[in-house]
Amino acid sequence: MNRDNPAYPIPASRRRAEAAAANPPPPPTYSQDELRERRRKYLSLVYTGSFSLSAEVEAICEPLARRVAALPHPAALAEKVDLVGAAAHEVAHVVVGLLAGREADTAQRPPLPEFAADDLKSGSWAGALIALVEPYTARLAALLGRAWPPNAAELRGHPSASERIEAALRTLDRAALDLGRVLDRAEVDGPKLAAAREKLAAHNASVAEQERHRAARAALSNI
């Protein structure tokens, strides 16, 4: 019997399968925080028009800036903070190229940020990095909103705008996570070092006091 004959009843399971194939479920929607976690775990993701570059840089850098500022000597982490700044600058570089399209090679990039000791002490370096990418945030969101998704046939094997942003942000992730690890150690070791210094200072004061008493007794015995 010909199963394609309209007179032959189509099984319900086949009808459901055909309906599902014709109407696939929409892709999952993730918050920007969830997208960040997926990126750091190398899980699949797509950036769309809802993505905010300035909010991403803020979420990554602001907590680190507060932790650096809370240290007794923030300037000790200047090199690590500079690496975060360089990574954020690389993100801006990639974004400018995307927005410029065919003129990417000659497009004007923002200057590399430089931070002084006061910037680390106040935490203002994070705000400087947010300001660095802010001018491109709205235009990037618009581009992502109309860009082809990863693996689209129209891309002909080239990386999508989403994938290029993802790769650039991973550079920032690496620098930020490295700074975070250094902060973890500093926050554990710092109180221990402070306690050791206080103990040493108390010991030195006690020794000095004992020396004064011995000197006083020696002076009295010579009278």
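The values are calculated or read from the model by the stated rules, or taken from the named source; none is laboratory data. Since the model is a prediction, treat every value here as computed from it, not as a measurement. Cβ atoms come from the backbone with ideal geometry, glycine included; neighbour counts cover every protein chain shown.
Is region 105-117 home to any residue that is part of a helix (DSSP H, G or I), modelled with pLDDT under 95 and over 10 Å from A175 (Cβ atoms)? Yes, region 105-117 contains a residue that is part of a helix (DSSP H, G or I), modelled with pLDDT under 95 and over 10 Å from A175 (Cβ atoms).
Among the residues of region 185-208, is there at least one that is under 29 Å from Y47 (Cβ atoms), at pLDDT 75 or above and loosely packed, with under 12 Cβ neighbours inside 10 Å? So far as region 185-208 goes, no, none of its residues is under 29 Å from Y47 (Cβ atoms), at pLDDT 75 or above and loosely packed, with under 12 Cβ neighbours inside 10 Å. Within region 77-104, the residues that satisfy the criterion of being at pLDDT 95 or above and either of a type in the set (F, W, Y) or farther than 16 Å from T137 by Cβ (or both) are L77, A78, E79, K80, V81, D82, L83, V84, G85, A86, A87, E90. Output the qualifying pairs, or none if there are none: Cβ atoms under 8 angstrom, residues six or more apart or on different chains, first residue in region 145-174 and assigned to a helix (DSSP H, G or I), second residue surrounded by 15 or more Cβ atoms within 10 Å (Cβ to Cβ) and among the acidic types (D, E). Filtered contacts from region 145-174: A168/E90; L169/E56; T171/E90; L172/E90. Quick check, is E58 surrounded by 10 or more Cβ atoms within 10 Å (Cβ to Cβ) and either under 30 Å from G123 (Cα atoms) or at pLDDT 70 or above (or both)? Yes: the conditions hold for E58.
Among the residues of region 115-169, those that are buried (at least 16 other Cβ atoms within 10 Å of the Cβ), of a type outside the set (V, I, T) and touching a Leu at 6+ places or on another chain (Cβ under 6 Å) comprise L140, A161.
Considering only region 78-91, I want to know if a residue exists there that is under 13 Å from the mean Cα position of the chain (by Cα), surrounded by 19 or more Cβ atoms within 10 Å (Cβ to Cβ) and closer than 20 Å to P149 by Cα. Checked region 78-91: at least one residue is under 13 Å from the mean Cα position of the chain (by Cα), surrounded by 19 or more Cβ atoms within 10 Å (Cβ to Cβ) and closer than 20 Å to P149 by Cα. Screening A65 with (1) at pLDDT below 65; (2) of a type in the set (A, V, I, L, M); (3) in contact with a Gly (Cβ under 8 Å, 6 or more places away or on another chain) gives one miss only, at (1).
Filtered by the rule that a residue be more than 14 Å from R170 (Cα to Cα) and within 16 Å of the chain's Cα centre (by Cα), region 43-58 gives F51, S52, S54, A55, E58. Close Cβ contacts (under 7 Å, 6 or more residues apart or on different chains) running from residues in region 84-105 that are over 28 Å from L64 (Cα atoms) to residues that are modelled with pLDDT under 95 and not acidic (D, E) comprise A100/A107; A104/G97. When restricted to residues that are loosely packed, with under 15 Cβ neighbours inside 10 Å and in a helix (DSSP H, G or I), region 39-54 contains 1.
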